[in-house]
1. Looking at (1) among the hydroxyl-bearing types (Ser, Thr, Tyr); (2) surrounded by fewer than 17 Cβ atoms within 10 Å (Cβ to Cβ); (3) out of contact with any Lys or Arg (no Cβ under 7 Å at 6 or more places or on another chain); (4) more than 30 Å from Gly158 (Cα to Cα), which is the one condition that is false for Ser216?
2. Which one of the conditions (1) closer than 26 Å to Thr156 by Cβ; (2) at pLDDT below 95; (3) out of contact with any strand residue (DSSP E or B) (no Cβ under 8 Å at 6 or more places or on another chain) does Ser200 fail to meet, given that it meets all the rest?
3. Here is a check on your reading of the model: is Val230 among the aliphatic types (A, V, I, L, M), within 17 Å of Leu187 (Cα to Cα) and over 22 Å from the mean Cα position of the chain (by Cα)?
4. Considering (1) more than 17 Å from the chain's Cα centre (by Cα); (2) at pLDDT below 95, say which one Val96 fails and leave the rest.
5. Can you report the number of residues in the range 144-160 which are free of Cβ contacts under 8 Å to residues at least 12 places away in the same chain and either touching a strand residue (DSSP E or B) at 6+ places or on another chain (Cβ under 7 Å) or hydroxyl-bearing (Ser, Thr, Tyr) (or both)?
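The values are calculated or read from the model by the stated rules, or taken from the named source; none is laboratory data. On a predicted model such as this, the values are computed, not experimentally measured, just so you know. When we count neighbours, we look across all protein chains shown, and the Cβ atoms used for this are built from the backbone with ideal geometry, even at glycine.
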Amino acid sequence: MNLISLDIRMLRSLISVVDTGSITETARRLGRTQPAITLQLQRLEELTGKQLFVHAGRRLTLTEDGGTVLNYAKSILRLHDELISQLASQEIEGQVVLGTPDLYAAFMLPSILSVFRKSFPRIQVELNCALSTPLVGLVKRGDVDIALVTRMNDFTGGQVVRREQLVWMTGDQSTAHQESPIPLALLPPGNIYRDYAIESLEMAQLRWRIACVSESVGGLQAAAFAGMAVTVLGRSALVPSMREIGTAEGLPPLPQVELLLYKSSNATSKAATALHDYLAHYLRLDEQLGEKGGPIVLP
């Protein structure tokens, strides 16, 4: 058996190309040329002795072997980056203010922040929970160092780190979705979760009414648990005693939303950079876990 050695840069390029769907964007993110990224992917195929992509014009699709290599690459890269962070983390200290809606603070960030604290024990993270629109203003003013928010239609800047599927939810025993008009538990006006919920019902010509308005995900869940209303949240927020409902129950499909990561121009400390880069990496990695990847359209 011939032993092969895979360069970590090849694995990082593979993950980035699948993540971004673009060799051009991967080259920009990794500071390499487009031909260099292409050569790395070709070299990875040579070393593994497997065809990783099916080529169809400008479109690339991962093969079954490509999906296997991708899944192992994610694990290898996670361990590699954790080791590098651990070795460097003891020298980094400071305080960072992280702003995010309570939805993400409760259901998306705990595991990532737990690992971050172990890797960077001398960095203190202060969590500021608020809605996305005011948080973008706070991070641009420098009152918040890092912000993870939902992209609204008028947002500019920020880095897309994850896409979240919106779903209809209600309590396990609730029949609220069968009522007419459908009672809704929604975030306040100006939030894209609310906008998509109402727009989809209007397009489906379904009658609706507002039964609960809450800035907190806890308020929306309480209304759903009690059978008072149907709510719209990201699928990551689906918890026991709540169930996802949809087209089978007569409700229209909902789109995905993009999560943006912002870093204040005033947040120049090593601690702020460490948290920003950690979140960017692990939010993308978490989204991809278990996926083999879909079509990739090359620029």
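1. (4)
2. Answer for Ser200: the failing condition is (2).
3. Judged against the criteria, Val230 is a match.
4. Condition (2) is where Val96 drops out.
5. Residues meeting the conditions: 1.
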